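The values are calculated or read from the model by the stated rules, or taken from the named source; none is laboratory data. Being a predicted model, the structure only gives us computed values, none of them experimental. FYI the Cβ positions are ideal-geometry reconstructions off the backbone, even for glycines, and counts take in every protein chain you see.
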Amino acid sequence: MPVEMHRDWIPVALSADLPAATVVPAHTPSGILALWRSASGKLTALADRCPHRGMRLSYGFVRGEALSCIYHGWSYGRNGQCQRIPAHPDLAPPAAIKAANYAAEERNGVIWIAQEEPETPPPALEGFKPLRSITVGADAELIAGSRDVRMRLAGIDALLLIVGTGGSETVAHVMVDAAASEVECVAASRAAEGWRRDCERLGRKDLAS
């Protein structure tokens, strides 16, 4: 499953890493987005910049069905529209105060973001289950030519969803054989750490083969 087969979708997190009422930074090749889940479990991706003073919304906090900026508490709904300005509680925020929002879906334990209007749903990655996400201190081109990696970790079939961050770091979302046992998953997780260290130490393309 090379990265171009994702078409419009970018894997940004594992579902298990984003519980209800939390926000995290979602790394994409073009920058960071604020990925959050409302108290009721709804998933949203917004531009990581509060329209007020430019503070990163991924530093904020979730209250109910809104994401609030940590700086002055301006709150935004799932469509990115500002809903509340604490310093002016009786003011209906103008429609122009809005953070860009992006399509976000989760499938088979992976959260995907589309920065343009998607033409297809995100891939199901059938036969695999999510294991963990790791950050590698090496450029994606050096690791895998920005392509996803099929390999074996501790003898288990694995698929690494590779996302370059546009710098010297790469995020790899590790998927393993859906039939892998808990013990096998632990071994695969340790092997993934070894793969990360090798990539950082040697920075060779052939480490992904």
Determine whether Val163 is surrounded by fewer than 17 Cβ atoms within 10 Å (Cβ to Cβ), over 15 Å from Phe128 (Cα atoms) and not small (Gly, Ala, Ser).
-> no
Going by the structure shown, is Thr120 of a type in the set (Val, Ile, Thr), in a loop (DSSP other than H, G, I, E, B) and either without any contact (Cβ under 8 Å) to a residue 24 or more places away in the chain or under 21 Å from Val12 (Cβ atoms) (or both)?
-> yes
Select from the range 158-192 the residues that are in contact with a Gly (Cβ under 8 Å, 6 or more places away or on another chain) and among the polar types (S, T, N, Q) and write down the one among them that is nearest to Leu18 (Cα to Cα).
-> Thr170
Just a yes or no: is a residue in the range 149-162 in a loop (DSSP other than H, G, I, E, B) and not assigned by TED's automatic domain parsing to the domain that holds Ala20?
-> yes
When residues of the range 6-45 are limited to those that are assigned to a loop (DSSP other than H, G, I, E, B) and of a type in the set (A, V, I, L, M), the one nearest to the chain's Cα centre (by Cα) | Leu18
